[in-house]
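Read-outs: derived from the displayed coordinates by stated rules, not from any lab. Predicted, not measured: the structure shown is a model, and the values here were computed from it. Because the Cβ atoms are built from the backbone with ideal geometry, glycine has one as well, and the counts that use them run over all protein chains shown.
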Amino acid sequence: MQVILGANGQIGEELARELNRNFTSNIRIVSRTPKKVNETDEVFSADLLNLEEAIKAVEGAEIAYFTLGLPMDSDLWERTFPIILNNVIDACKINGAKLVFFDNTYMYPQNDKVLTEESPFSPVGRKGKVRKLMADMLQKEIDNKTLDAVICRAPEFYGPGKTQSITNSFIFDNIQKNKKLIVPISSKKRRSLIWTPDASRATALIGNTPTAYGQTWHLPVDETHPTYKDLIDLTSGIYHRQFRYTVIPNFVFQIGAWFNPKIKELLELLPRYAYDNIFDDSKFKKHFPKFQVTTYKEGIERIKKEQRSGTNS
């Protein structure tokens, strides 16, 4: 059995689909209010802040995937994320399960250096510090050989369905709402974005590759690394409509943070938008050369199709 902890976000749902397509139909979906993704899924309601419930959630599993996401709330992250991860680590140890940890890049330096699996941690802000703490917790288990685990790290998302990110919110959601597009800080800096179904497909592949464990893996991205101007120009061509956009400078976000808590939570993520933010996935592509990465053109065409049809898959 393979268990997905935090399975009803976009990453967890796509992961469940990919596991069912290519690896196993014996899948347990775990969250506070779990819903089946595949017809054969087992659903299990659990509060992972409770160790006993975490142990039961992982019971009988060969592999557990940690894909749990929380709202962008620094207080909530500091209170709960370390406890949840500690409980999951203990649950995996007790049940003899492997752990696949889906991670982000918040703990990395926010400068123009290319990000690799060896990049040092230098978090900016409270959420970055929480993600550093969590990655360090898991790396300690790996180094001490007390848990068979692997870290799968993804840059900023873009994608279909429930995908949540700055790019989806400011670009594709605004297209759907017929609003002017927003670009944070600069339209001229190159960025690496990951298509959310690719992130889940790659995570499933790594989780089912025994030799991948004990390491950190950068998940695969389209290597063109476009600027926001490039991305919007491509999107305009696909939609056959010239999209206008506004570049919002940092000081405007700073002012907005005084009045809007959601903007305040974004502030620590904004420095990276002032630089080229390139994510090196060469390790993954070398080890898994047959993996087909979704191009930006293919991804944006799917978003367009989904928006036009009104689906949310």
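Neighbour counting of Cβ atoms within 10 Å sorts the residues 225, 287, 218, 240, fewest neighbours leading, into 240, 287, 225, 218. Here the chain is scanned for GluC sites (Glu not before Pro) in DSSP loops (not H, G, I, E, B) that have at most 16 other Cβ atoms within 10 Å, and the longest stretch holding none of them is 119-222. Per-residue 3J(HN,Hα) values for the range 173-178, derived from phi via the Karplus relation 6.51 cos²θ - 1.76 cosθ + 1.60 with θ = phi - 60°, read 5, 5, 4, 4, 8, 6 Hz in sequence order (x marks Gly and Pro).
Shape class for the range 103-184, computed from the alpha carbon gyration tensor (a ≥ b ≥ c): prolate, with a/c not under 1.5 and a/b above b/c.
A cut-off under 12 angstrom between Cβ atoms defines the neighbours of residue 8, and their net charge, with Lys, Arg +1 and Asp, Glu -1, is +1. Calculation over all alpha carbon pairs of the range 53-108 in 5 angstrom steps from 0 returns a P(r) of 4, 18, 26, 24, 14, 10, 3 percent.
The alpha carbon radius of gyration of the range 120-245, expressed as a multiple of 2.2 N^0.38 Å, is 1.27.
In the chain, helical runs assigned H by DSSP with n ≥ 4 each contribute -39500 (n - 2.57); averaged across all residues and rounded to the nearest 500, the mean residue ellipticity at 222 nm is -12000 deg cm²/dmol. In this simple spin-label approximation, residue 174 and residue 254 carry label points 7 Å from Cα along the Cα→Cβ vector, and these lie 2.1 nm apart. Taking 22 Å as R0, compute the FRET efficiency from the Cβ-Cβ separation of residue 230 and residue 295 and round it to 0.05. After rounding to 0.05, the efficiency reads 0.95. Here the simple spin-label model places points 7 Å from the Cα toward Cβ, and for residue 39 and residue 241 these points are separated by 3.7 nm. Each Lys or Arg adds one and each Asp or Glu takes one away; over the other residues whose Cβ falls under 10 Å from the Cβ of residue 26, this sums to -2.
State whether the range 139-201 is rounded, prolate or oblate according to the following rule on the C-alpha gyration tensor (a ≥ b ≥ c being the square roots of its eigenvalues): a/c under 1.5 gives rounded; otherwise a/b larger than b/c gives prolate, and the remaining case gives oblate. The shape class here is prolate.
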